[in-house]
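J.: There's a structure below that I have some questions on.
Nothing in this text is a laboratory measurement; each read-out follows from the coordinates by a stated rule. The structure displayed is predicted, hence computed values, not measured ones. Cβ coordinates were reconstructed from backbone atoms using ideal geometry, including for glycine residues, and neighbour counts include every protein chain displayed.
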Amino acid sequence: MSPAPPSLISGILRSAAAFPERPALVVDKRSYTYRELLDVSSAFAAALDAHAIAGEPPLTAVYAMRSLTAYAGIIAALLRGHGYVPLNRFYPPNRTEFMLKKSGCRAIIVDAESAAQLDDVLKGIDQPLVLLFPDLEDVSAVKARFPRHAILGARDAVPGASYTPKIPGADAIAYVIFTSGSTGTPKGVMTSNRNIVTYAEYAAERGRVTERDRFSQSCATTFDGSVFDLFTAWLRGACVCSPSQKELLNPGAFIKKHEITVWFSVPSLAVFMKRLGSLKKGNFPSLRWSTFGGEALSVDIVNSWRETAPNSEIDNGYGPTETTCMSVYYRWDPVASPKEVHQGIVPIGYANPGMSIMVCDENLREVSPGERGELLMAGTQISLGYLHDPERTKRAYIVPAGKKEIYYRTGDLVQRPRGGEPILYFGRIDFQIKVLGHRVELGEIEAVIRDETGAHGVVALGWPMTPNGAQGIEVFIEGTGFDLGDLKRRISMRLPEFMVPKKFHVVSRIPLNENGKFDRLALQHMLEAAV
Amino acid sequence: MSVVKADEVKRFIAAFLADALSENNVTENEVNDDLDLMKRGIIDSIDLINLIAGIEEHFNIEVDFEDMDTEQLTIVGPLAKYIEERAKMKTA
């Protein structure tokens, strides 16, 4: 294997040079070769460069999803020497507006389906932007809608022209992905080229990926699991197969139709597939490497998956966005693993090469082997911090006493391994939960509801609970006279769908525990009793 | 095992989703064959699974959905028809 490329784009270009006629992407019922994908991406990059706003930060936003424009947009940002900032049309426009403002992006690539909400997204942006609509032949209507911004369309980005890529340094930002923040606003995690290249090269080695592989792409690009699919594949000349929103409802059919060989998803999606009847003996013979991540993995899912995909290795991957996709891995072994499972949950395993761990008590002192504490991680996958947020960066990225390196505090509760044991995962130490694999700070939801209602007594809980987190959110509010329908509508304008409470319980008083805090456990029991 | 009729399934869907339908201002009359529950924002993927579980429990059947055209999975008419046909196959 040749040495690791210094930047993500040099790795992608290396694949394009080695395998120009092999498929790089399947999307919208069409397949694109590396040459075609690079042609389209280069045309986007050239169009944006030609109209670049002086002094723009090296970040290009991509407001596009599961379209050629979405994937070519990501590569175009990288070709410009920029990091990409993925945006999601299923997020409320003012959350997207916040991400745009925070990142300071002056160039945005927009696909046809996302363009409809642009009025709401841009209404609070004062600076002029460059907007590229590669799916629009005629942009005159858009020009009239956004007179302050420079508008480019398909005719400004015709594939075929040559483009000289700008290769960034290893410490330059490769992407900024936003995660839920407990104080009410999302945090933009800055991941460097070194971080993602280190990770994706390791993943490609771990899965012995070649140009013949076909990767699934189950996560939205705003979720950091997506970088596994895209870059592990594209660093080896493999193909990324992106299902449409509708195809995602039946992932089993998609695996078979596209002969997927490498699978990644949150465990919830496997549970979903089981419910649809897809997890049956020998149903996915094409799969040879399956990874689950983003939530605790139960042994039940592993057993069903082994039967369904008899030719597939199974990995459990763990890692917050801040430590670049997955930084701890566990390979399922049919003989040894059943003995290592704890309470039905598969261990998260062992830190990647180049990564080291500490397991600490609340005073950040290392606990003894076999004891539980917060997981801290250091090494080549530790990201650069939160964009324009030195305060929150300082709290999460720390140098513990007696150490020289920066450790990221994951907030996850694990057991410190004894000897060669794998790391066991026990959930969160704070009020963060996983809803369908998405990190959700309950405090962020509570802060938004307090802001909307003026009520102080607000408790958000994950409900109904699943082995992997929760299916949704339910909320208790103290007080009277709330217009709940209206409240729900207003919350949906501020939070993504997976964070919007499914149900509100208005109570005269929220019970307190012995420390005078809201008794979350008592409320949890009320929900359980109501079933 | 009793025979499941597509019309019964449709009626069940309307009743099962009554709250979500009214929240989205969809009247009972609008619950026709062409209504795409997901496109209209009435259900998300989790609600779909709950709906399917509800249908299976109510009609005491188990349906394998993998062979259904994904484009039609959330459209009332084709979904009900598929369930009717699958239930028939199981009974036969």
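J.: Checking residue A:170 against (1) surrounded by fewer than 24 Cβ atoms within 10 Å (Cβ to Cβ); (2) of a type in the set (A, V, I, L, M); (3) within 14 Å of chain B (Cβ to nearest Cβ), only one condition comes out false. Which one?
T.: Result: residue A:170 fails condition (3) only.
J.: Looking for whichever is among the hydroxyl-bearing types (Ser, Thr, Tyr) and in a strand (DSSP E or B) here; the options are A:291, A:210, A:198. Which one fits?
T.: A:291
J.: Could you tell me which residue of the stretch A:375-406 is farthest from residue A:420 (Cα to Cα), considering only residues that are in contact with an Asp or Glu (Cβ under 7 Å, 6 or more places away or on another chain) and in a strand (DSSP E or B)?
T.: Residue satisfying both the conditions and the ranking: A:378.
J.: Then there is this: Just the residues that are crowded, with 19+ Cβ neighbours inside 10 Å, within 14 Å of chain B (Cβ to nearest Cβ) and more than 26 Å from residue A:121 (Cβ to Cβ), please, taken from the stretch A:471-503.
T.: The answer is A:471, A:474.
J.: Residues that are within 30 Å of residue A:498 (Cα to Cα): find the helices (runs of 4 or more DSSP H) completely inside the stretch A:82-173 holding 1 or more of those.
T.: Once the helices (runs of 4 or more DSSP H) in the stretch A:82-173 are filtered for at least 1 residues that are within 30 Å of residue A:498 (Cα to Cα), what remains is A:93-103, A:112-115, A:118-122.
J.: With respect to residue B:42, is the statement that it is part of a loop (DSSP other than H, G, I, E, B), within 19 Å of residue A:279 (Cα to Cα) and in contact (Cβ under 8 Å) with a residue 24 or more places away in the chain true?
T.: In short, no.
J.: Quick check on my filter: what residues within the stretch A:239-285 are without any contact (Cβ under 8 Å) to a residue 40 or more places away in the chain and either more than 12 Å from every other protein chain (Cβ to nearest Cβ) or within 17 Å of the chain's Cα centre (by Cα) (or both)?
T.: A:248, A:270, A:281, A:282, A:285 - these are the residues of the stretch A:239-285 that are without any contact (Cβ under 8 Å) to a residue 40 or more places away in the chain and either more than 12 Å from every other protein chain (Cβ to nearest Cβ) or within 17 Å of the chain's Cα centre (by Cα) (or both).
J.: Any chance the stretch A:333-345 includes a residue that's surrounded by 14 or more Cβ atoms within 10 Å (Cβ to Cβ), closer than 28 Å to residue A:398 by Cβ and among the hydroxyl-bearing types (Ser, Thr, Tyr)?
T.: So far as the stretch A:333-345 goes, no, none of its residues is surrounded by 14 or more Cβ atoms within 10 Å (Cβ to Cβ), closer than 28 Å to residue A:398 by Cβ and among the hydroxyl-bearing types (Ser, Thr, Tyr).
J.: Now, a different point. When you check residue B:39 against the structure, is it more than 30 Å from residue A:483 (Cα to Cα) and out of contact with any Lys or Arg (no Cβ under 8 Å at 6 or more places or on another chain), yes or no?
T.: no
J.: Quick one: in the stretch B:52-78, which of the residues that are under 19 Å from residue A:274 (Cα atoms), assigned to a helix (DSSP H, G or I) and within 11 Å of chain A (Cβ to nearest Cβ) is farthest from the chain's Cα centre (by Cα)?
T.: B:70
J.: Kindly provide the set of residues from the stretch A:337-367 that are among the acidic types (Asp, Glu) and not in a loop (DSSP other than H, G, I, E, B), ordered by number.
T.: A:340, A:366
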